[in-house]
Amino acid sequence: KSMQPRFPSGTTFIVKTQEPPVDGDLILVRFKNDNSISLRELVIDSPSWQLKPIVIGSSNLLFSHLEHTIVGVVVMSLFKLERPK
């Protein structure tokens, strides 16, 4: 629910773990300090990589190999539209 309205509840994400990320990709990021995972938009503005939030109210982060691991790149998102009854 926290990613709505961009991604409706029930959205399925297809993630490639061996795909090299490029500017503008949605990526899964693991935070090494607590092993949590977050979906973020990658913005590359050389030399820095920014991790923009999908969730409204979260802050931008600077990617650091010491603090983060890129788990994979979202290559497809699927959602089912509910028909009105």
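A few notes on this one:
- Those residues of the stretch 22-40 which are of a type outside the set (Gly, Ala, Ser), within 20 Å of residue 6 (Cβ to Cβ) and open to solvent by less than 50 Å² (accessible area, probe 1.4 Å), in sequence order: 25, 26, 27, 28, 29, 39, 40
- Selection status of residue 44, hydrophobic (A, V, I, L, M, F, W, C) and open to solvent by 60 Å² or more (accessible area, probe 1.4 Å): no
- Flag if residue 62 is out of contact with any Leu (no Cβ under 9 Å at 6 or more places or on another chain), at pLDDT 90 or above and open to solvent by 70 Å² or more (accessible area, probe 1.4 Å): no
- Restricting 72, 10 to those that are open to solvent by less than 50 Å² (accessible area, probe 1.4 Å) and either modelled with pLDDT of 95 or more or not in a strand (DSSP E or B) (or both) reduces the list to 72.
- Taken together, the residues in the stretch 1-47 that are in contact with a Ser or Thr (Cβ under 6 Å, 6 or more places away or on another chain), over 16 Å from residue 72 (Cα atoms) and in contact (Cβ under 8 Å) with a residue 24 or more places away in the chain amount to 1.
- Checked against (1) free of Cβ contacts under 8 Å to residues at least 40 places away in the same chain; (2) in a loop (DSSP other than H, G, I, E, B); (3) open to solvent by 40 Å² or more (accessible area, probe 1.4 Å), residue 50 passes all but a single condition, namely (2).
- Matching entry among 19, 67 (being open to solvent by less than 100 Å² (accessible area, probe 1.4 Å) and of a type outside the set (A, V, I, L, M, F, W, C)): 19
- When 64, 38 are checked against the criterion of being hydroxyl-bearing (Ser, Thr, Tyr) and either under 15 Å from the mean Cα position of the chain (by Cα) or part of a strand (DSSP E or B) (or both), a single residue qualifies: 38.
The values are calculated or read from the model by the stated rules, or taken from the named source; none is laboratory data. On a predicted model such as this, the values are computed, not experimentally measured, just so you know. Backbone-built Cβ (ideal geometry, glycine too); neighbour counts: all protein chains shown. Keep in mind that these areas ignore ligands, DNA and RNA; they rest on the heavy atoms of the full protein, side chains included. Shrake-Rupley method; radii C 1.70, N 1.55, O 1.52, S 1.80 Å.
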